[in-house]
Structures are given as C-alpha cells and as structure tokens.
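A.B. asks: So that we are looking at the same thing, I have put the structure below in structure tokens.
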Amino acid sequence: MKLAVCIYEGPYNHAASDSAYNFIQAAVQKGHEIKGIFFYHDGVYNVTKLMEPPQDDRHIANRWSALGATGIDIVVCIAAAKRRGIVDDVLVPNVRISGLGQLTMMAIEADRLVVFGD
Amino acid sequence: MAEDIKKIMFTVRKPPHGTIYVYEGLEVKLIMAAYDADISVVFMDDGVFAVKKGQDTKALGIKGFEATYGALVDYEITKVFVDRQSMEERGMTEEDLLVIGEDEDTEEPIKPQVVDSDEIAAMMAEQHNILAF
C-alpha cells in the first residue's frame, strides 16, 4: 500500500513524532511504500539540527534525517515553519522545506494519509 | 478524467481558538482547493464553533479568521457541512452559522449545510483521504 504520513506535534513534548516514526519503520518492514512525510503545525520542530537532547535519549531530528537518507521524501511546511522560526539553515540533512501543495499531492497519491497528532 | 479526481475531506473537531490547529487547517483547505481534488469540509464536536458567526478575537490579541471562513465559496469550497448533534449539544442553531459565500446566480447567501451523523459517516466512507484539524 502507498502511505503518506503527516505529523502535527513537536518532538519530546508529544508522542506523535515517536508513534509516527515507529509506524513508518513497521510499514516499511512490511513492504509498504512511503510516499512522503509531512511536518505541519508544531511538527516542524522535529527536524531542526539545533536540538541537543541528553545523550542517553533518542535524537529525534537525527532519526528523521536517517530515515530521509533511505530515500523517503520528508517535507516541512514552509508556512508553518516560517511562523515558528524554522528555516533551511537549521534543518538536518535529508529533509526539505516546501509548500502545502506537497501535502496535497501526498493526500491524492497515497492510498492512506495517516495523521499523527491531537 | 472526472472519475480520477480524489475525494478529500477535512474534519474540524477542535474549537477555533486556543490552539492553532483550526487556523492552520484552514490554510490547508485553501491550498488544496486549488488542486484537482473533490474537497469537502465537516465541522463537528467543538469544531462547530469555527462556523459560528460573530466571533471577536480582539480581546485575545490574535488575528481572527471568521472572514476567511466567510469566503470559502470564493475558494470553490462549497461542500461544507455541520454535524447537527454537535451543534445542538452546544446550544447552537442554524441561525448561529456564518455565511460562507453567496450563490453566483441568485446572490443568495450560502451557509454550511446541517446534516446528521449518519450522513457524515456515509460521506466519510466515500473519501479517498480525510484530514482532521
């Protein structure tokens, strides 16, 4: 199945990011295709390289970046990002900033758009 | 081809103010309306407050967006529904709903359509994807 994932919540504060990550790992393992991952609302905070969590904790931004390195398209909403001070310069590698049109394409092309957040 | 156009539904279930979900959700609707997709919007639960007329956000110190909801028809978003039960539970009637545009020919004001939960369920079952805000 072709899946797209949209994440609404920021890292650490909310389980949405972790749940989405685990969901994607499991889906890929099962052979599903991930059409894209879209960060919206406070979700845009998930991929800033400025985060520096304690060393014995997961590094959420690096984790997403590593997933991006496998070829999965990871998109940060530009409108939501600008509002929150997230710009290209602070992003981890393998993610990109783009518009809501990308979410639209994911919603159209994916068999299921799975949203994580409140 | 028309049959290839995907049905995408937005549900608005949160109150309009207090968090940014509904406002940023509105931005998604306006963008998606520009694409080849069959868009519908359903207001339910506390989301019905988003289509209540006479919202005044001045005292909150935030930019309101009632005017944008009042122009949904201009963005060619015409399939706009309100869950009757959610509305009634919150003491709202059809009278309280804001106008979302006007009919091109008759210039009659258009309001969201009040529907029952089972109608919403039937519409949901037809969707390609649903986005909740």
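The values are calculated or read from the model by the stated rules, or taken from the named source; none is laboratory data. Here the structure is a predicted model, which is why all the values come from computation and not from measurement. Neighbour counts run over all protein chains shown; Cβ positions are idealised from the backbone, glycine included. Quick note on the areas: whole protein, heavy atoms, side chains included, nothing else; ligands and nucleic acids left out. Shrake-Rupley method; radii C 1.70, N 1.55, O 1.52, S 1.80 Å.
A.B. asks: Checking the condition free of Cβ contacts under 8 Å to residues at least 12 places away in the same chain, open to solvent by 40 Å² or more (accessible area, probe 1.4 Å) and away from chain A (no Cβ under 14 Å), which residue from B:GLU88, B:GLU94, B:GLU126 passes?
C.D. replies: B:GLU88
A.B. asks: Here is a further query. Tell me, which residue of the range B:42-70 that is more than 11 Å from the chain's Cα centre (by Cα) and open to solvent by less than 40 Å² (accessible area, probe 1.4 Å) is farthest from A:MET106 (Cα to Cα)?
C.D. replies: Across the range B:42-70, the extreme among qualifying residues is B:THR57.
A.B. asks: Can you name every residue in the range B:42-84 that is of a type in the set (A, V, I, L, M), touching a helix residue (DSSP H, G or I) at 6+ places or on another chain (Cβ under 7 Å) and within 14 Å of chain A (Cβ to nearest Cβ)?
C.D. replies: The answer is B:ILE77, and nothing else.
A.B. asks: Another question about this same structure. Can you pull out every residue in the range B:97-110 that is in contact with a Lys or Arg (Cβ under 9 Å, 6 or more places away or on another chain) and open to solvent by 20 Å² or more (accessible area, probe 1.4 Å)?
C.D. replies: Listed by number, the list holds a single entry, B:VAL99.
A.B. asks: For B:SER86, all conditions in the list (1) modelled with pLDDT under 95; (2) within 16 Å of B:PRO16 (Cα to Cα); (3) polar (S, T, N, Q) hold save one; what is the number of the exception?
C.D. replies: That leaves (1) as the condition not met.
A.B. asks: Find the residue count for the range A:87-118, including only residues that are among the charged types (D, E, K, R) and within 14 Å of chain B (Cβ to nearest Cβ).
C.D. replies: Qualifying residue count for the region: 4.
A.B. asks: Moving on to the next point. Going by the structure shown, is A:ILE97 open to solvent by less than 60 Å² (accessible area, probe 1.4 Å) and within 27 Å of B:LYS7 (Cβ to Cβ)?
C.D. replies: It is false that A:ILE97 is open to solvent by less than 60 Å² (accessible area, probe 1.4 Å) and within 27 Å of B:LYS7 (Cβ to Cβ).
A.B. asks: Can you list the helices (runs of 4 or more DSSP H) lying wholly within the range A:1-89 that have 2 or more residues being over 23 Å from B:THR19 (Cβ atoms) and open to solvent by less than 30 Å² (accessible area, probe 1.4 Å)?
C.D. replies: A:16-29, A:60-69
A.B. asks: Just to verify a result, which residue in the range B:17-41, among those that are away from chain A (no Cβ under 12 Å) and open to solvent by less than 10 Å² (accessible area, probe 1.4 Å), is farthest from B:PHE65 (Cα to Cα)?
C.D. replies: Here the residue is B:SER40.
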